[in-house]
1. Quick check on region 309-388: what are the equivalent-ellipsoid semi-axes from the Cα gyration tensor, as sqrt(5λ), descending, whole Å?
2. How many nm separate the modelled label positions at Thr106 and Arg16, each set 7 Å beyond the Cα in the direction of the Cβ?
3. Over all distinct Cα pairs, what is the inverse of the mean 1/r for region 82-223, reported as the Kirkwood hydrodynamic radius in Å?
4. Which value results when the Cα radius of gyration for region 391-448 is divided by 2.2 N^0.38 Å?
5. Step through the residues of region 15-22 one at a time and calculate ³J(HN,Hα) from phi using the Karplus curve (6.51 cos²θ - 1.76 cosθ + 1.60, θ = phi - 60°), rounding each to whole Hz and writing x for Gly and Pro.
6. What residues have an amide H closer than 5 Å to that of Gly154, excluding those fewer than 5 places away on the same chain, when H is modeled at 1.01 Å from N in the peptide plane?
7. Work out from phi, with θ = phi - 60° and the Karplus expression 6.51 cos²θ - 1.76 cosθ + 1.60, the ³J(HN,Hα) of each residue of region 208-219, listed in order in whole Hz, and give x for Gly and Pro.
8. So, with a 1.4 angstrom probe, what is the percent of accessible area on region 337-458 that is carbon and sulfur?
Amino acid sequence: MTDKPWGGVFREATDRRVELFTESISFDRRLAEQDIAGSKAHARMLAEAGLITADECRQITQGLDEIGREIAEGRFPFRVEWEDIHMHVERALIDRIGDVGRKLHTARSRNDQVATDFRLWVRDAIDALLASLRRLQTAFVGRCDRDWDCILPGYTHLQRAQPVSAAHYWLAYCEKFERDRERLSDCRKRVNLCPLGSAALAGTSLPVDRDSTARALGFAAPTANSLDSVSDRDFAAEFLFCLSLIAVHLSHWAEEWILWSTCEFNFLRLPQGFCTGSSIMPQKINPDVLELIRGRTARVIGSLQQMLVLLKGLPLAYNRDLQEDKPPVFDAFDTVHSCLELAAPLVAQTEINRPAVEERLDRGYLDATTLMEYLILQGVPQRSAHEAVGRLVRAAMDRNCRLIDLPLAVFQEVVPSLDESVREVLGPDKAVRRMRSFGSTAPEQVRRQIDAWKQRLESDRT
């Protein structure tokens, strides 16, 4: 049993089928960089505490650096019987520097080691996602000046509702993704605590300095309770929730643009480099990237559910079930990150089909609400104004014309006080310009928001 770090008490070798069933190196090798960083910090702390010598610390650190390079270059051999990334690194270190390597695991357990590695990995993943979200927001903001004079129909219930500027539409997605960034940043605070030194579950009787290790690894502080430290995966569940909501927001956007790129809407021309064709229908240009972004949201949400179900029945402290915490996190991160990396250039390269939008912009009576509010300003009670405009819309529908095309006599039949000046508030472009509330699609409000977003994103970049 000398191949096993726990083999002293055993009289029988591990069944090969058990080795294959229990290994995690097939996926936790992704923690190699974090495992080596944590081990180096732990070794330096052991030297500071007098548990190993400075020379032993130097040998351990140099050995870990060599192992890290081999793994990064794809030259490191992985073996199922060595179970996980922690044992691979430790075994390779012992092979290189002998008994000195056996001292590295002093005052730690794989329980606190994996909890530390996982937190380091999630922290790095959050930082990568924050950068990707910023790039996507920058792509949306970059469209605003380009599409400044374009007006789009806004929808509720997928029915035409009121006109909005295209820039206002793009900034709505910036707001969604900003909330995603805020959630990730807040999640990072709870991720950024160091379990190392908690050992198996009760801490250690050896004179370790957990504050030193936490500082060395860039953590805000060590975790406060050793039992909780090795069993807590709240940070992983919270991270998966953040990923799920990012995926839902991406799916909202993808669904909208899939619809807008159809012949029925014809609002958008997607870049062909982000589309695919049909094996049987030669004319097809399919929005497959958008459809897969929408579809892969299900995988991310499924990963969150998997984590919550995994955690719900676990007693304190560490249980082997927690080996299964990493695959859903890895998969969800990979999925969301790849979607974000495609979303930004897709947003930047898509074109609005302005002739098609403008040709049909007058359909749907998008200016009806503005006409109602005009009547309110004339002293008509809101409910009365709502009913009056509804009657005018019905009259226009019966005539198959726009509100602005109704004869004045029709307006006056419904609201006798109206005169020709009513036409000054009708039409989608005028409806947009009449908005004035904070956060609305009013041009001055949108311009203020564009400038604020540019400043915010530039500040984040620096």
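The values are calculated or read from the model by the stated rules, or taken from the named source; none is laboratory data. Worth saying up front: this structure is predicted, and the values here are computed from it rather than measured. Cβ placement follows ideal geometry from the backbone for every residue including glycine, while neighbour counts extend to all protein chains displayed. The protein model used for the area step is the full one, side chains on, heavy atoms only, and it has no ligands, DNA or RNA in it. Shrake-Rupley method; radii C 1.70, N 1.55, O 1.52, S 1.80 Å.
1. 54, 26, 9
2. 3.9
3. 19.1
4. 1.36
5. Along region 15-22, the couplings run 4, 4, 5, 5, 4, 5, 6, 9 Hz.
6. Ala161, Gln162, Val164
7. 8, 10, 5, 4, 4, 5, 4, 4, 4, 9, x, 7
8. 51
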